[in-house]
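The values are calculated or read from the model by the stated rules, or taken from the named source; none is laboratory data. If you're wondering where the values come from, they're calculated on a predicted model, not measured in any experiment. We place every Cβ from the backbone using ideal geometry, glycine too, and count neighbours over all the protein chains shown.
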């Protein structure tokens, strides 16, 4: 388990550092690329905890689709590629205070509840097979599954109507 | 090669779920109509296109048929291990959503046809959102609730910005979208904690699990607060209300009516299910939280409403205050569960009728005045007495004047609060009473403008009200008056909601 | 509104055999004017008389039915008390408590023998209750019926409302003829009558509250009838808002009653009354309920301190003032107290105590109203304050346990006050629609003989002139205060109320004399008369009176005159001298004057042994309930001493005013001219001495005697209090709410969302006036509020639980 | 491995995301910060799913991924619409509606 912990630590550090850069970078393209690091890190964490299918989906959907969407967005809104001073509001300190406050509450509650609960003690991180996930989706979560498919259709149509040039 | 790999994989048996199609029939009918509309739209039969509003309305009414047949059939149905339940509460609310959707369709048809809009896609959005609401009524599981919420919200974000060339409409959509997504994120975080604490997404199991401990642990408290905040946004409770006035003002008015009634009601439906099924064991968290939200919403909503000059904004703030009234019974949700549940559902039904009626009048009047200012309604009685009377009924009902529906709604809330017999309940009852007095002032201002002020531009040509608007008005006004004059009607629907509570027994 | 139509299939057999058709089918009373309302609303404009004929016809029908109902009630009472004695069944429960039972219920209640009525002992009079149990309103196991509850009190009110409303309809056909909203006006009159009749007949509190609100709405609409004048719509709004304050009391009181006396399952008035009278309900609960309900009475029936809306309500058309703001709607509060009398009787411990909230409020109100009536120069406002004062009498009577006296006074007051209001309307009809007594009236006796006589009768009745109706009813109240004629003062010893009542009696006579004098005596001072004192200094005595009066007492009252003018454009200004009004105006006046004269025969005191027994105390016999739902009351006897004192007091009040006016008339022309105003006084110092003497003389007579005691400190103070404090509170409540809202903006916006968010005062100063909005339009500010509030809410709850 | 190491990482990412949505005035950058919020939640779901040994955590995470994709698409469409009409995606200048 030591190896996993080391991996976790490295990935976590990279994620936090990148996440901070995502929200502070003055260069919009850099921010997008740092976001890739965070999303990839998430996928890696998924795989560490044994959720391979979700990890792969994460890579496919986020890095394959969402990031591309962002790049399109950056291009279509003709953002200047490079350092841009006006990307931040002048209320950063308030944002910081709110975020810290929220983190304090969350961290207190989490530490209080799951103090040193081990993740691998009871279930030993058995890889949950993809089949279990799919069985769950198509057995217990059939309604939300159909609803999500419908949601994607509606979002697609609506987004096209709203975004298209007339 | 692949075949051999597949053959090597361990074969776990997959049991196909048993699906009760009758229970799902309302949703299936809606989906079927969406398919029809899509086909009509894609084929671009120009002749057929003008039938799309009619088709949309038909879709809502057709979905009512299985709702009624389910209600007549009587027995509660539980699908997918309790994740999807069809009981009295869900049927009453489904019927309310479908009728509200029908009225919104009536409100939209002329508005859209006369403006610069993408029409058939709009109805697609409306139906999708409606589908989300109808699913929400039966959802008793976090995943289903979440997906239903997003299904009803995402089309609504788009509808708010549907008037593409209008900067205000754009802004309305943007604000609604951003605030909605932030609230969703908070709610999702809370849901993840609930799932983490209990290991299940079913509300009944969550309820049983978090009710066990003597007192609440911080993590449960945090989870409940975050989930409630997510829906507090949806129902525009203070301090998560800030989007509502801006979005209401900017969005096309029929969309505003939809947001103010259906979307807000959907938030309440989710809250009802979460609180009465999931959180009832955690009175110590839910009651003070809801108390604070209810008191703040009523008071802040009413006080700011006093200063409004735009009637849509006024209705937005009044809606915030009304949300406070509807949240109030939640503050006694555990001590007086049956009454509180009845009060919330009754209020929702009546609120839907009277608020839609008010918006219908606003839409009708602005067809002539092209303005949302209260002063533009001056002298309305002179040239549109019918609309004036309709608006008076709606506003009087919102203000809670007998014998209209709103009075009954306030009464049941008051009764739930006082019958709980707790100090907090009594104090909140007093807050409710005080706020209902404040509310008279701003409703009175609109009434005064309509009845007593002169026409601002001296133009007193009558308003031509299209048939669809007349029908919408007739439905909503009739419901508002009937619910007030014969509250027994609503008692038929809301009298026996105990089925929902029985889940909380575990 | 027409329950029988909707629930016809559910009506079963009638239980009370002796009750007549109209008593068992009382729903027709509100139904007729409601149908008339609908007819006028939808077809009125197309009718030849613009809908007025429907209203008059409907009200005639109502009145005839009311007469029939009255006759049937009399025979009902006779058969219950005289003929076959009712079997003393103690159960007061509804026969149809079980859902399957018959739809009708008659309350069987055991008799409470009246002390004075030896011949009627052991008899009980069943009220006629018709109830349709249905799904009108069901919550859980509570089933709310809809129904009518007819007893003597209700029958009396049916008669009063039907009659006055009919006369007002007739009067209005002339008075508002040609008005732009003529049809609309009659529609609302009909709706008002329907609502008022519903209120009278309601058999449960929910129906009662509904009707209570409906009459309020009609009052709102009719006060604002001529809304083009900003002041009228303000008055309408003020009436509406003030009433809402009391309505909250009503709501809370009714809910308290519902949960205590109604045991959480009944809103039925009889059930609640029986429970309250039986002593089964805790005294505290009844006390709380009655105090809450008193708040409602204070707003609806214009009791001090919520009375301020009533004089402003005179902005409505005069017939409306007569009908709604004198005779019917404003007595709804009195009616409510009388209807729920056991609640108040037990809650306030009326029997045997020297003072209680109801009696005190009533007594104070009589004094306040009486003194304020002095400083008005608008004839309608004099009458309005007089109404406030008289309503105070009724509340005081109820507070001291003189139930019958209160109801009797309610009836007689309805006659003579409606007569006075309609008379004032007739006068103003002749005087260019002005209500200003000093400027536009005077000497009308010559021009309007019929109006003059009827007004004089009304004045005398109101002032308590012996043998007129007002004398008897007021005297009965005064006798009731001390429990006079009873061996041990059984209903308590409210001597303070007696004193205040007598003082008000004197004031009433005084201000009514002043009002009458200014209006009908002297010379015509209208705008077109040569005596108009605007240009030429008046040489006639009446103008002097006017000037002096104006000089003395109208600095405070001058400003509110304009508000109440019936200045509708339908009538062009009548040129020339005033003239008598047409028959549609004078006939109602004569009918009311006749009733104001003879109504006293309804309740001839028991002591008058020269009258046959069957003629004495008829009102008490037929109107006062004798049943378990009504407390056992002792009745005071007629007291010659009090009658004489009260007549003397009134005469003194009257005489002082007469003396004063006579002195003014006797003044020499020089002094007259000098008193005409500061203009001439400043320029003629030599004659100042004479002025001073003259003034001193007047001061001695008027200021020192009447004004110093009434008008000077008290009335001025009361007027100031009225105008500055109470108005400020009522109107200001809204302003204060707005201010708070503004403050909320300022704090939340400037300090939190904007000021703090921007982190610098520059932006705040840039965007900020004091009343900036909380919503600054920045979505991220909103988001910060959302996330921040979430963190704080969660944090607080996490730490607190 | 502790459960809390994942949860605290999730909480940290969430709060960084909160900072981002509040501090950024560029619309696209706010949308990026929203991705941080949603991914932090997903991390929670996966960790809890592993903790309880149930696939439901993954199922929920998959639904969130699907919905998030739709949301970001819609969000970009609205931002694009704003850009078309105002030639700017500066959120602070979007304040026509207030009061």
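For the stretch B:217-227, which positions are buried (at least 24 other Cβ atoms within 10 Å of the Cβ) and either without any contact (Cβ under 8 Å) to a residue 40 or more places away in the chain or within 13 Å of chain A (Cβ to nearest Cβ) (or both)?
B:220, B:221, B:222, B:223, B:224, B:225, B:226
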When the residues of the stretch B:235-254 are narrowed to those that are within 15 Å of the chain's Cα centre (by Cα) and away from every other protein chain (no Cβ under 12 Å), which ends up farthest from residue D:96 (Cα to Cα)? B:235
Going through D:53, D:73 one at a time, which residue ends up being modelled with pLDDT under 90 and facing another protein chain (nearest Cβ under 7 Å)? D:53
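Looking at the structure I just gave you, is residue B:127 in a helix (DSSP H, G or I), in contact (Cβ under 8 Å) with a residue 24 or more places away in the chain, farther than 25 Å from residue B:68 by Cβ and within 18 Å of the chain's Cα centre (by Cα)? Explain how you work it out, then say what you get.
Values: in a helix (DSSP H, G or I): yes; in contact (Cβ under 8 Å) with a residue 24 or more places away in the chain: yes; farther than 25 Å from residue B:68 by Cβ: no; within 18 Å of the chain's Cα centre (by Cα): yes.
Against the criterion (in a helix (DSSP H, G or I), in contact (Cβ under 8 Å) with a residue 24 or more places away in the chain, farther than 25 Å from residue B:68 by Cβ and within 18 Å of the chain's Cα centre (by Cα)), residue B:127 does not qualify.
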Picked from the stretch B:21-49 (must be without any contact (Cβ under 8 Å) to a residue 60 or more places away in the chain and under 18 Å from residue B:126 (Cα atoms)), the residue surrounded by the most Cβ atoms within 10 Å (Cβ to Cβ) is B:29
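Yes or no, residue by residue, for (1) at pLDDT below 75; (2) surrounded by 16 or more Cβ atoms within 10 Å (Cβ to Cβ); (3) at negative phi; (4) facing chain D (nearest Cβ under 7 Å):
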position	(1), (2), (3), (4)
A:75	no, no, yes, no
A:99	no, yes, yes, yes
A:109	no, yes, yes, no
A:114	no, yes, yes, yes
A:127	yes, no, yes, no
A:144	no, yes, yes, yes
A:157	no, yes, yes, no
Filtering the stretch A:77-93 down to residues that are modelled with pLDDT under 80 and in a helix (DSSP H, G or I), which residue is farthest from the other protein chains (Cβ to nearest Cβ)? A:85
Failed item, numbered, when residue B:65 is tested on (1) part of a helix (DSSP H, G or I); (2) surrounded by 24 or more Cβ atoms within 10 Å (Cβ to Cβ): (2)
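What number of residues within the stretch B:161-177 are part of a helix (DSSP H, G or I), more than 10 Å from chain A (Cβ to nearest Cβ) and touching a residue at least 60 places away in the same chain (Cβ under 8 Å)? Write out each step before concluding.
Filtering the stretch B:161-177 down to residues part of a helix (DSSP H, G or I) leaves B:167-177.
Now restrict to residues that are more than 10 Å from chain A (Cβ to nearest Cβ): B:167-169, B:171-172, B:174-177.
Now narrow it down to the ones that are touching a residue at least 60 places away in the same chain (Cβ under 8 Å): B:168-169, B:171-172, B:175-176.
So the answer is 6.
Do we have any residue at all in the stretch B:468-488 that's part of a helix (DSSP H, G or I), out of contact with any strand residue (DSSP E or B) (no Cβ under 9 Å at 6 or more places or on another chain), buried (at least 21 other Cβ atoms within 10 Å of the Cβ) and within 14 Å of another protein chain (Cβ to nearest Cβ)?
Of the stretch B:468-488, the ones part of a helix (DSSP H, G or I) are B:468-485, B:487-488.
Within this subset, residues satisfying the condition of being out of contact with any strand residue (DSSP E or B) (no Cβ under 9 Å at 6 or more places or on another chain) are B:468-484.
In the following step, the residues that additionally are buried (at least 21 other Cβ atoms within 10 Å of the Cβ) were identified as B:468-469, B:472-473, B:476-477, B:479-480, B:483-484.
Pick out the ones that are also within 14 Å of another protein chain (Cβ to nearest Cβ) and you get B:483-484.
Within the stretch B:468-488, one or more residues are part of a helix (DSSP H, G or I), out of contact with any strand residue (DSSP E or B) (no Cβ under 9 Å at 6 or more places or on another chain), buried (at least 21 other Cβ atoms within 10 Å of the Cβ) and within 14 Å of another protein chain (Cβ to nearest Cβ).
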Counted residues, the stretch A:22-55 - those being outside any helix (DSSP H, G or I) and either crowded, with 22+ Cβ neighbours inside 10 Å or within 9 Å of chain D (Cβ to nearest Cβ) (or both): 4
What is the one condition in (1) facing chain D (nearest Cβ under 10 Å); (2) in contact (Cβ under 8 Å) with a residue 24 or more places away in the chain that residue B:118 does not satisfy? (1)
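Quick one: which of B:305, B:257, B:294 is within 22 Å of residue B:130 (Cα to Cα), more than 14 Å from chain A (Cβ to nearest Cβ) and crowded, with 24+ Cβ neighbours inside 10 Å? Don't jump to the end; show me each part of the working.
On the way: B:305 fails: within 22 Å of residue B:130 (Cα to Cα); B:294 fails: within 22 Å of residue B:130 (Cα to Cα).
Sole residue among the options that is within 22 Å of residue B:130 (Cα to Cα), more than 14 Å from chain A (Cβ to nearest Cβ) and crowded, with 24+ Cβ neighbours inside 10 Å: B:257.
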Residue D:33 passes all but one of the listed conditions (1) within 20 Å of residue A:37 (Cβ to Cβ); (2) more than 7 Å from chain A (Cβ to nearest Cβ); the exception is number (2)
Only one of D:43, D:12, D:80, D:22 is surrounded by fewer than 24 Cβ atoms within 10 Å (Cβ to Cβ), over 27 Å from residue A:157 (Cα atoms), over 12 Å from the mean Cα position of the chain (by Cα) and within 7 Å of another protein chain (Cβ to nearest Cβ); which? D:12
In the stretch B:356-432, which helices (runs of 4 or more DSSP H) lie fully inside it and hold 2 or more residues that are in contact with a helix residue (DSSP H, G or I) (Cβ under 6 Å, 6 or more places away or on another chain) and closer than 24 Å to residue B:265 by Cβ? B:385-399, B:405-419
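Can you tell me which residues in the stretch C:254-270 are in contact (Cβ under 8 Å) with a residue 60 or more places away in the chain and either closer than 25 Å to residue C:360 by Cα or in a helix (DSSP H, G or I) (or both)?
Of everything in the stretch C:254-270, those that are in contact (Cβ under 8 Å) with a residue 60 or more places away in the chain and either closer than 25 Å to residue C:360 by Cα or in a helix (DSSP H, G or I) (or both) turn out to be C:257, C:269, C:270.
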Determine if the stretch C:228-238 includes at least one residue that is within 7 Å of another protein chain (Cβ to nearest Cβ), in contact (Cβ under 8 Å) with a residue 24 or more places away in the chain, part of a helix (DSSP H, G or I) and under 19 Å from the mean Cα position of the chain (by Cα). no
Odd one out for residue B:341 among (1) buried (at least 24 other Cβ atoms within 10 Å of the Cβ); (2) more than 10 Å from chain C (Cβ to nearest Cβ); (3) under 17 Å from the mean Cα position of the chain (by Cα): (1)
